[in-house]
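Everything below concerns the one structure shown next.
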Amino acid sequence: MPTTTQAVIATSAPGYARRKARSLIGWLSEGEGLLWITGREMTQEPDPAHIARCREARAAVARRPEGHIQSKMFAPLPAVLAEHINALAAAPRLAQVLDDAGEPQMVDLRLVCAAQPTICVDDAAKRVAGLAAGDILGLAAVTLPLHIPKKMPIAFDPHKNAWLFSSPNPNLRIAGPFNADGPAGIKGFGFGVEVALSYLQVAGLNGRYFLRDGYHRAYGLLAAGIHFAPALVKDFNAFEEVQMPAGLLPPPTYLGARPPLDYLDNTVAADTQIPVTTKMIVIQALDLNSIA
């Protein structure tokens, strides 16, 4: 009987639990802004106050002068980070990420454009708890981490012959297939699962720099009054090379004349709610009969 293995990735939103968030409603359509303000649910007529809030935010963006100067947003890394950066480059898996994400620099987060419409506020605060502006090594440990997170709830369903993995971290992923020798001559075949390492990354395209990864950490640092942080910076030749994930603002929004900058600005952003989500991976073995 041949055996096949399936790997399935799913995202779920359990119940009606919501998380506190901030949304860039000034750069969203009125309808989309209303969806974020209502926690992505609109079962009744829109609240006139919410409509007014969205229109005011859009008007505030329209009044902004065109253009955005980013010429002073980068600075060299302090010497105290040399050992940390060398450790990143020495680890084979981390060095591969460095090749993809660029060179480490100090970045003024106030000047980096935003592509993600919403930030989870509670998660952002947890990511940077206890950090101070002068603690460069502490900042690097958060924005350019050396160690891959290992906490990952795992369960086995004997009825479905499946391994179940779940995490609130969206970086939970299938790392790739493998095979190995087991006891008594048994061969093992399966998939590696990990919570992938995430760095604070800034991408540049045609002279405009925007956040590629690390939104919650960037927001948390800015909310804590920390403006400069180490990040990976890379210039790209084409937008397709950046490989931005789905669900972000349209590229002309953050590459255009009046790009979004600050989730903390109440004239263009608002307190919102989003569903609590859990990333899940299911790896299942199937024992099938086939007709020759």
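Phi angles of region 161-172 translate, via the Karplus equation with coefficients 6.51, -1.76, 1.60 and θ = phi - 60°, into HN-Hα couplings of 6, 9, 8, 10, 10, 8, 6, x, 7, x, 7, 4 Hz per residue; Gly and Pro are given as x.
Once both labels are positioned 7 Å from their Cα atoms along Cα-to-Cβ, the gap between Asn171 and Asp265 label points is 2.9 nm.
The residues of region 67-112 expose, per residue, 58 Å² of accessible area to a 1.4 Å probe. Working from label points 7 Å from Cα in the Cα-to-Cβ sense, the Glu45 to Leu146 distance is 6.1 nm. Calculated accessible area for region 117-226 comes out at 51 Å² per residue, all protein chains present (probe 1.4 Å; ligands, DNA, RNA ignored). Summing charges over all other residues whose Cβ lies under 11 Å from the Cβ of Tyr263, with Lys and Arg as +1 and Asp and Glu as -1, gives -2.
With the charge dipole of the chain set up from +1 on Lys and Arg Cβ and -1 on Asp and Glu Cβ about the Cα centre, the Cα lying farthest toward the positive end among the listed residues Met106, Leu222, Ala90 is that of Leu222. Fully extending the segment from Val282 to Val80, taken as 0.36 nm per residue of separation minus the present Cα-Cα distance, adds 68.4 nm. With 0.36 nm allotted per residue and the present C-alpha distance subtracted, the Leu164-Glu32 stretch has 44.1 nm of extension available. Helices meeting the span-like rule in the chain (full DSSP H runs, Cα extent of at least 27 Å along the helix axis, mean Kyte-Doolittle score of -1.0 or higher) are absent. Are there any trypsin sites (Lys or Arg not before Pro) in region 121-205 that are in a DSSP loop and have at most 16 other Cβ atoms within 10 Å? List them by number. Counting only loop positions with at most 16 other Cβ atoms within 10 Å, the trypsin sites (Lys or Arg not before Pro) in region 121-205 are Lys150, Lys151, Lys160.
Taking amide hydrogens as placed 1.01 Å from N in the peptide plane, the amide H of Arg212 sits under 5 Å from those of Gln201, Val202, Ala203, each at least 5 positions away in sequence or on another chain.
Give me the percent of accessible area attributable to carbon and sulfur for region 136-292, probe 1.4 angstrom.
58 percent
Each Lys or Arg adds one and each Asp or Glu subtracts one; over the other residues with Cβ under 14 Å from the Cβ of Gly102, this totals -4. Only protein heavy atoms count here; under a 1.4 Å probe, Ser71 has an accessible surface of about 100 Å². Summed over qualifying helices (DSSP H, 4 residues or more, each -39500 (n - 2.57)) and divided by its residue number, the chain shows a 222 nm mean residue ellipticity of -7000 deg cm²/dmol.
A simple count of charges around Gly220, restricted to other residues whose Cβ falls under 12 Å of its Cβ and scoring Lys, Arg +1 and Asp, Glu -1, yields +2.
The GNM of the chain, with springs linking C-alpha atoms under 10 angstrom apart, assigns the highest mean-square fluctuation among Thr118, Thr277, Thr143 to Thr277.
Given +1 at the Cβ of Lys and Arg, -1 at the Cβ of Asp and Glu and no other charges, the dipole of the chain around its Cα centre is 340 debye to the nearest 20. Can you bin the chain into rounded, prolate or oblate? Criterion: square roots of the alpha carbon gyration tensor eigenvalues sorted a ≥ b ≥ c, rounded for a/c under 1.5, prolate for a/b above b/c, oblate for the rest. Because a/c hits 1.5 or more and a/b fails to exceed b/c, the chain counts as oblate.
Here the Karplus curve 6.51 cos²θ - 1.76 cosθ + 1.60, taken at θ = phi - 60°, turns the phi angles of region 249-259 into couplings of 5, x, x, x, 5, 8, 9, x, 6, 10, x Hz, with x standing for Gly and Pro. Between Val107, Val80, Val242, the residue with the greatest mean-square fluctuation in the GNM of the chain (Cα pairs under 10 Å linked by springs) is Val80.
Site-free segments of the chain were taken between GluC sites (Glu not before Pro) in DSSP loops having at most 15 other Cβ atoms within 10 Å, sites themselves excluded; the longest one is 67-292. Per-residue surface analysis assigns Leu137 an accessible area of about 90 Å², computed on protein heavy atoms at 1.4 Å probe radius.
The values are calculated or read from the model by the stated rules, or taken from the named source; none is laboratory data. Since the model is a prediction, treat every value here as computed from it, not as a measurement. Every residue, glycine among them, receives a Cβ derived from its backbone with ideal geometry; neighbour counts consider all protein chains shown. Each accessible area value is taken on the protein alone, full model and side chains, heavy atoms only, with ligands, DNA and RNA left out. Shrake-Rupley method; radii C 1.70, N 1.55, O 1.52, S 1.80 Å.
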